[in-house]
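The values are calculated or read from the model by the stated rules, or taken from the named source; none is laboratory data. Being a predicted model, the structure only gives us computed values, none of them experimental. We place every Cβ from the backbone using ideal geometry, glycine too, and count neighbours over all the protein chains shown. Each accessible area value is taken on the protein alone, full model and side chains, heavy atoms only, with ligands, DNA and RNA left out. Shrake-Rupley method; radii C 1.70, N 1.55, O 1.52, S 1.80 Å.
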Amino acid sequence: MSPMKLCVPGDKLCSTDDCIPGTGVYMRHGYIFSSLAGYVLKKNEGEELPVISVVRETETQLLPDVGAIVTCKVTSINPRFAKVHILYVGSTPLKDRFRGTIRKEDVRATEKDKVETYKSFRPGDIVLAKVISLGDVQSNYLLTTAENELGVVVAHSEAGAQMVPINWCEMQCPRTHTKEFRKVARVQPEYLHA
Amino acid sequence: MESCLKVKVGAVLLPGDVFTFIKTDTISLTESLKEEKIICGPGLQRNGDDVVVCKSGVLRHKNPNLYWVDSQQRRYVPVKGESVIGIVTTKSGDVFKVDVGGSEQASLSYLAFEGATKRNRPNVQVGDLVYAQFLIANKDMEPELVCIDSSGRANGLGVFGAGGLLFKGSLGLVRRLLMPQNEILKDLEKLYPCELVLGMNGRLWVRAATVQKTLIVANLLESSENMSAQQRRTLFKRVADGNL
């Protein structure tokens, strides 16, 4: 591929007669301008005109979308919500960590007011969750675990060993045999390794 | 199995001491194998098949099968359900910040007092002493206190403290004073009438009829931690006779 051209927001790329606008560009007065700082990408999609778009990296970043299943790590908990870092969207790892919030009401589907965050998540747990909202500028992604298949997948006990799930709300440490409360995910059998 | 723990009751243990339970090698043909269950209390932890000591102290035993380590400690770690004496440090928004002697300040909501509503705010100032109970206390979240019990009544909790003396003892001293039939308090009752508030965070508050009597009671309690029963009785007798 020929070396890609760099551009900054406001650069005039071409006229609307030459290309169809893609992502990262906008149209004004019959010309296509860049709205991102990055590389110009022209693709022939099979239609009459090539599609022109501006991307930050050569591969397109996968962003969590509403309804996507994400894998995240709990960073802090609070009586009202838990803060998480989103690590994977589906099965693709993300380059940057996005921040997410799981509110107390979104942890379970039943008995929402009796949920205690301390008995559902702890800092350091790996959780499967679903995105319900992208949030605005200041707030993070809003996530939910209110389904049987969502919840804590990997958790470590206070003694440091990885715990084994017993039922949907308890996990047990194999070393000290103490039980701890978590909102456990029911992982589908085909995803479990032997 | 249990015999190796029973032998050590009353002995001083250090963190890292391990009690292994040898299973198969020496099975006696004459005694029958019994299934024994041991309950590990504070200071003991199960590690696979062994019991490991986590805190230094004296091993204690209570029938039928409860073992724990009695340790001396002055630093308090918040535990849910314990009643403590706290000092109000700031008022911010709907919440008071209270110092309980732990690693973090605990929060106490305006509405967690008896008869408190959004219009009827409780009369609590910065620097007041409160006797409160932990609602949330774990290593991952900020501790939270309340001054009411689950039915909404104060039950002895709340603001107190005009005219008394607050001093600090060890956690073991407070636990001994809180035992149902302990002798220190019985001897103290005979001495002077006084008001006493004991917080599980090692803080004690005393008020007696005069300032001098308050100071005497405070000193007696502090020193009775390290004295044997006999020494304590002679000291109390000296005070009662007025010879201090």
Exercise. Somewhere in region A:60-71, is a residue buried (at least 18 other Cβ atoms within 10 Å of the Cβ) and either within 14 Å of another protein chain (Cβ to nearest Cβ) or in a strand (DSSP E or B) (or both)?
Worked result: yes
Problem set entry | Candidate set: region A:36-57, residues that are within 24 Å of the chain's Cα centre (by Cα) and not aliphatic (A, V, I, L, M); chosen: the one surrounded by the fewest Cβ atoms within 10 Å (Cβ to Cβ) | A:Glu57
For this session: Test A:Thr144 against the stated conditions and say whether it is within 14 Å of chain B (Cβ to nearest Cβ) and among the β-branched types (Val, Ile, Thr).
Result: no
Seminar exercise, completed: Of those in region B:125-143 that are within 14 Å of another protein chain (Cβ to nearest Cβ) and open to solvent by 50 Å² or more (accessible area, probe 1.4 Å), the residue farthest from B:Ala209 (Cα to Cα) is B:Lys139
Exercise. Condition test on B:Ser170, is it open to solvent by less than 20 Å² (accessible area, probe 1.4 Å) and hydroxyl-bearing (Ser, Thr, Tyr)?
Worked result: yes
Exercise. On the given criteria, is B:Leu165 within 14 Å of another protein chain (Cβ to nearest Cβ) and open to solvent by 50 Å² or more (accessible area, probe 1.4 Å)?
Worked result: no
For this session: Answer with yes or no whether B:Leu235 is in contact (Cβ under 8 Å) with a residue 12 or more places away in the chain and closer than 18 Å to B:Lys168 by Cβ.
Result: no
Problem set entry | Residue identified as of a type in the set (Lys, Arg), open to solvent by 20 Å² or more (accessible area, probe 1.4 Å), more than 14 Å from chain A (Cβ to nearest Cβ) and in contact (Cβ under 8 Å) with a residue 24 or more places away in the chain among B:Lys118, B:Lys91 | B:Lys91
Exercise. When residues of region B:32-73 are filtered for being of a type outside the set (A, V, I, L, M, F, W, C), over 14 Å from B:Gly16 (Cβ atoms), more than 19 Å from the chain's Cα centre (by Cα) and within 14 Å of chain A (Cβ to nearest Cβ), how many remain?
Worked result: 4
For this session: Quick one: which strands (runs of 3 or more DSSP E) lie wholly within region B:40-100 and hold at least 1 residues that are at pLDDT 90 or above, within 17 Å of B:Ala137 (Cα to Cα) and touching a Phe, Trp or Tyr at 6+ places or on another chain (Cβ under 9 Å)?
Result: B:83-92, B:95-99
Exercise. Which fully enclosed strands (runs of 3 or more DSSP E) of region A:92-189 have 2 or more residues being surrounded by 14 or more Cβ atoms within 10 Å (Cβ to Cβ)?
Worked result: A:92-103, A:126-133, A:141-144, A:151-154, A:170-172, A:179-181
Exercise. Within region A:74-89, how many residues are away from chain B (no Cβ under 14 Å) and open to solvent by 50 Å² or more (accessible area, probe 1.4 Å)?
Worked result: 1
Problem set entry | Selection count where residues are among the polar types (S, T, N, Q) and at pLDDT 90 or above, scope region A:8-34 | 1
Seminar exercise, completed: Restricting region B:206-244 to residues that are hydrophobic (A, V, I, L, M, F, W, C) and not in a helix (DSSP H, G or I), the one most open to solvent (accessible area, probe 1.4 Å) turns out to be B:Leu244
Exercise. Name the residues in region B:185-205 that are within 19 Å of B:Leu235 (Cα to Cα) and open to solvent by 10 Å² or more (accessible area, probe 1.4 Å), would you?
Worked result: B:Leu185, B:Lys186, B:Asp187, B:Glu189, B:Lys190, B:Leu191, B:Tyr192, B:Pro193, B:Cys194
